[in-house]
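> I have a structure here, written as structure tokens, and I will follow up with some questions on it.
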Amino acid sequence: MAQVMHSALSPVPITVTVNGTTYHHAVEPRMLLVYYLREGLGLVGTHIGCDTTSCGACTVLLNGLAVKSCTVLAAQADGAEILTVEGLARNGQLHPIQEAFWLEHGLQCGFCTPGMMLTALQVLQRNPDPSDPEIRRGLEGNLCRCTGYQHIVKAVRRAAREMRFPSSPARAD
Ligand code: FES
Ligand code: FES
């Protein structure tokens, strides 16, 4: 079992499946999930914006639920399945949400984008055809400091359409 961090406290053994790959590690009890993902696994697509549960840049799906990974201990994720932005594309093919953010200019600096996309995935899994107000409500825990919200909403609307009625043999999950 690999050890991710050293500290005076006894490491806690965890097993997590991240983007389909299972990892066994021993982590510092106080290590936040976002640091485990970034520093332990090298998945730096999960961003750290505020570290205080405010911005949503660190959002990942934990057992299918969007969580702010700066608010979850890595030890609490033991046994969980986690999806990060790196797991959205499969076999070299962008997820429809990624494609829609690109086509609708849903990113400016891109800092909020990974968290936005994972929250959008949860929104669309719960409601495949949301209205614009429903999209905005679903994304309200994610802040975009570039304030490009209109393009983000358009991107989620486009992704919803594409996931329901794929125009190409694209993935719709
Ligand atoms: S870094 Fe987690 S909510 Fe801002
Ligand atoms: S695109 Fe820059 S923070 Fe959202």
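Values quoted throughout were computed directly from the atomic coordinates according to the rules given, and no laboratory measurement underlies them. Treat the numbers as computed from the prediction; the structure is a model and nothing was measured. No Cβ is skipped: glycine too gets one built from the backbone with ideal geometry, and neighbour counts run over all protein chains shown.
> What does the C-alpha gyration tensor say about the overall shape of the stretch 1-86? Classify as rounded when a/c is under 1.5, otherwise prolate if a/b is larger than b/c, or oblate.
Oblate.
> With both bridge residues required to lie in the chain, what share of the DSSP beta bridges run antiparallel, to the nearest 5%?
Restricted to the chain, the bridges split so that about 80 percent are antiparallel.
> If you take the square roots of the eigenvalues of the alpha-carbon gyration tensor of the chain and sort them as a ≥ b ≥ c, do you get rounded (a/c under 1.5), prolate (a/b over b/c) or oblate?
Note, shape of the chain comes out prolate.
> Please label the shape of the stretch 77-162 as rounded, prolate or oblate, based on the square roots a ≥ b ≥ c of the eigenvalues of the alpha-carbon gyration tensor (a/c under 1.5 means rounded; beyond that, a/b larger than b/c means prolate, else oblate).
Cα axes put the stretch 77-162 in the rounded bin.
> Using per-residue counts of other Cβ atoms within 10 Å, averaged over each peptide, order 118-129, 150-161, 85-96 from highest down.
Ranked from most to least packed, the peptides come out as 150-161, 118-129, 85-96.
> Measuring from label point to label point, each 7 Å out along Cα→Cβ, what is the Asp51 to Gln93 span in nm?
4.1
> Relative to the longest principal Cα axis of the chain, at what angle does helix 149-164 sit, 0 to 90 degrees, rounded to 10?
For helix 149-164, the angle is close to 80 degrees.
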